Amino acid sequence: MKERVPSRGPAWVYQLVLAFSLASMLCAVAARRACAGDDEMVVPRIISLGGSCEKCDLSTRKLAGAHFVAGNFQRAVLVGSDLRGASFFGSNFSGADLSHADLRAASMTAAVFQGADFSGANLVGLQAVGSNLSRADLTGARFESGTLIHTDLEGVDAPGARFDNCNLTGANLRGGDFTGASFRDAQLMGAMLGGGNFVRADFRSARLQGAFIGGADLSGALNLTREQVADACADRATRLPSGLTPRLCVGHVFIFHRP
């Protein structure tokens, strides 16, 4: 009896199998390189943190892309931590220490950072809509190209902070110390600057339409123009650089929504 020899399939089937085999081998090699700690390999991962972690120490941790959801992190320590692209949703970081942390492209939604320390932190590209950073220490912090719409920055200490090209529409900056801060090309439409200190603050090309500057000390501000002042709403307590006349507003009502 003649032995039956299985018929061979089309050539493209074997080519497809070979391609899949090679792809699997490459994936395995890549995984081994990642596990071996290759600095050039980036392994995507998701870190989700919640619950209660008061006063916990997360200094210098690698938490890029982490999600902080509805957690209590009051007075937590994250000095120098890598928080690039991290998201903070409905979490409480009141009194937390994030000095010199890397928060580039991070996002804050209804998050509370009241009294937190962001001195020397990098927050370039931050998305912080409707969050609370009141009385925070923002000394030397960088917010360039960020979005801080309706964000509460009341009473902050922000000497030397940079808000260049930042969207601060409707933000609350009342009573803050912005000595030497930079607001170049910033959008401050409808923002509250009343009672703030802006000595040597740079407003080159900033947009101040509808901003309230009543009681603000802008006497030492840099690059402030007549057009900018004419767009803003002042009162008799407003202090402006020599040669500029405030536009007094009567009967205007300003409403600020706290998160």
- Task: Identify all residues within the range 156-209 that are basic (K, R), assigned to a loop (DSSP other than H, G, I, E, B) and in contact with a strand residue (DSSP E or B) (Cβ under 7 Å, 6 or more places away or on another chain); write none if there are none.
- Result: R174, R184, R200
- Look through F203, F212, F143 and report the one residue that is touching a residue at least 40 places away in the same chain (Cβ under 8 Å) and buried (at least 17 other Cβ atoms within 10 Å of the Cβ). F212
- How many residues of the range 178-189 are touching a Phe, Trp or Tyr at 6+ places or on another chain (Cβ under 9 Å) and surrounded by fewer than 21 Cβ atoms within 10 Å (Cβ to Cβ)? The answer is 2
- Can you confirm whether the range 145-161 contains a residue that is more than 25 Å from F73 (Cα to Cα) and of a type in the set (A, V, I, L, M)? no
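Would you confirm, using the coordinates I've provided, whether L173 is surrounded by 24 or more Cβ atoms within 10 Å (Cβ to Cβ) and touching a helix residue (DSSP H, G or I) at 6+ places or on another chain (Cβ under 7 Å)?
So L173 fails the test.
Looking at the range 216-238 only, could you name the residues that are part of a helix (DSSP H, G or I) and not basic (K, R)?
Of everything in the range 216-238, those that are part of a helix (DSSP H, G or I) and not basic (K, R) turn out to be E227, Q228, V229, A230, D231.
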- Looking at this structure, is R75 surrounded by fewer than 24 Cβ atoms within 10 Å (Cβ to Cβ), within 16 Å of V124 (Cα to Cα) and charged (D, E, K, R)? no
- Note on the structure: The condition of being buried (at least 24 other Cβ atoms within 10 Å of the Cβ), in contact with a Gly (Cβ under 9 Å, 6 or more places away or on another chain) and closer than 22 Å to S48 by Cβ holds, among A96, A158, A110, only for A96
- Message: Is it the case, given these coordinates, that L240 is modelled with pLDDT of 95 or more, over 17 Å from N172 (Cβ atoms) and not small (G, A, S)?
- Response: yes
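The values are calculated or read from the model by the stated rules, or taken from the named source; none is laboratory data. Computed from a predicted structure; not experimentally measured. In this analysis, Cβ positions are derived from the backbone assuming ideal geometry, glycine residues included, and neighbour counts consider all displayed protein chains.
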